[in-house]
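Written below as structure tokens is the structure these notes are about.
The values are calculated or read from the model by the stated rules, or taken from the named source; none is laboratory data. Keep in mind that what you see is a predicted model, and the values were worked out from it rather than measured. A quick note on method: Cβ atoms are made from the backbone with ideal geometry, for glycine too, and the neighbour counts reach across all protein chains shown.
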Amino acid sequence: MQEKVEKLVQWLQQQIKESGVDGLLVGVSGGIDSAVVTNLIKRAAPEHSLGVIMPCKSNPQDMEHAKRVIEACGIDSVTVDLTETHNTLFTTMQQELEQQKGLNPEQQQLADANLRARLRMSTLYALATNYKYMVVGTDNAAEWYTGYFTKFGDGGVDLVPLVHQTKGEVREIAKYLGVPDEVVNKQPSAGLWEGQTDENEMGTSYALIDKYLQGEEIPQQDKEIIERLHRNTAHKREMARGPEKF
């Protein structure tokens with residue numbers, strides 16, 4: 001585990017050097033993946049790393065966990081409350097759609113959640129420009145493979161150091177790094193709405209996705225879910241598409 005952490009830290013340091021930036025920042029959600037990345041960037045750039053807390057209709061417990069993560073690793077931090085910004089933008093959009101009779105109530109929960117993710121991305125890049133930092137993402141191998149991230153939201157980053165680490169491996173790294181137990185053991189959730197959990201939304205478990213990615217046998221039903229998620233989200237892992245030159 002020490003060797004793995006050292007290699008990830010060295011890789012991050014190499015990205016700083018090659019890109020000509022001064023440091024790294026990450027959005028700290030209170031979840032295990034962002035906690036691990038927070039610790040990694042602090043090790044990679046002790047004097048030039050930043051953890052950003054961005055409440056926006058957030059669960060108070062997630063806020064508390066994010067603060068504990070920051071305190072535990074000693075990283076510099078800033079909090080930008082996006083609640084009012086989100087409310088203004090989302091309400092304005094809904095009002096305009098209602099006037100045009102184009103509002104789709106069935107899609108409003110997802111639109112709301114994705115807007116929050118993209119506001120956070122915009123905030124991170126504004127801060128990154130200010131500090132001359134790179135934005136570091138938190139997606140692990142399971143999330144990347146299944147596309148369980150918002151395009152140009154939490155997927156809108158410069159670096160994804162955990163992209164080859166399964167959820168189980170992220171948990172082991174977290175323990176090694178001294179991430180608070182309440183963060184390591186909490187139910188994975190993007191905090192998008194009340195009662196939302198990653199696994200309920202995906203329709204399968206991280207444990208089964210990890211096994212699938214490691215080439216192990218899993219129930220056929222879960223295999224089909226994982227493969228469908230991967231196919232349907234291929235566009236999230238690609239640059240913007242264009243037609244053939246003609």
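So the values come out like this:
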{"item": "Test for LYS175: is it in a loop (DSSP other than H, G, I, E, B), within 13 Å of ASP33 (Cα to Cα) and out of contact with any Lys or Arg (no Cβ under 8 Å at 6 or more places or on another chain)", "result": "no"}
{"item": "Helices (runs of 4 or more DSSP H) within region 1-99 that include 1 or more residues on the phi < 0 side of the Ramachandran plot and among the small types (Gly, Ala, Ser)", "result": "2-19, 32-44, 60-73"}
{"item": "Any hit, region 124-143, residues being touching a Pro at 6+ places or on another chain (Cβ under 6 Å), at pLDDT 95 or above and not aromatic (Phe, Trp, Tyr)", "result": "no"}
{"item": "Region 134-150: number of residues that are charged (D, E, K, R) and either assigned to a loop (DSSP other than H, G, I, E, B) or on the phi > 0 side of the Ramachandran plot (or both)", "result": "1"}
{"item": "Unique match (being closer than 18 Å to LEU124 by Cα, touching a residue at least 40 places away in the same chain (Cβ under 8 Å) and surrounded by fewer than 19 Cβ atoms within 10 Å (Cβ to Cβ)) among VAL78, VAL52", "result": "VAL78"}
{"item": "Of all residues in region 90-110 being surrounded by 15 or more Cβ atoms within 10 Å (Cβ to Cβ) and closer than 26 Å to VAL157 by Cβ, the one that is farthest from the chain's Cα centre (by Cα)", "result": "MET93"}
{"item": "Set TYR133, TYR145: member being buried (at least 20 other Cβ atoms within 10 Å of the Cβ) and over 26 Å from GLY20 (Cβ atoms)", "result": "TYR145"}
{"item": "Residues of region 30-63 classified as over 17 Å from the mean Cα position of the chain (by Cα) and modelled with pLDDT under 95, total", "result": "2"}
{"item": "Cβ pairs under 6 Å, 6+ apart, first in region 215-244 and farther than 25 Å from THR150 by Cβ, second surrounded by 10 or more Cβ atoms within 10 Å (Cβ to Cβ)", "result": "ILE218/LEU208; ILE218/LYS211; ILE218/TYR212"}
{"item": "Top-ranked residue in region 148-165 [being out of contact with any strand residue (DSSP E or B) (no Cβ under 9 Å at 6 or more places or on another chain) and within 19 Å of ALA66 (Cβ to Cβ); ranked as surrounded by the most Cβ atoms within 10 Å (Cβ to Cβ)]", "result": "LEU162"}
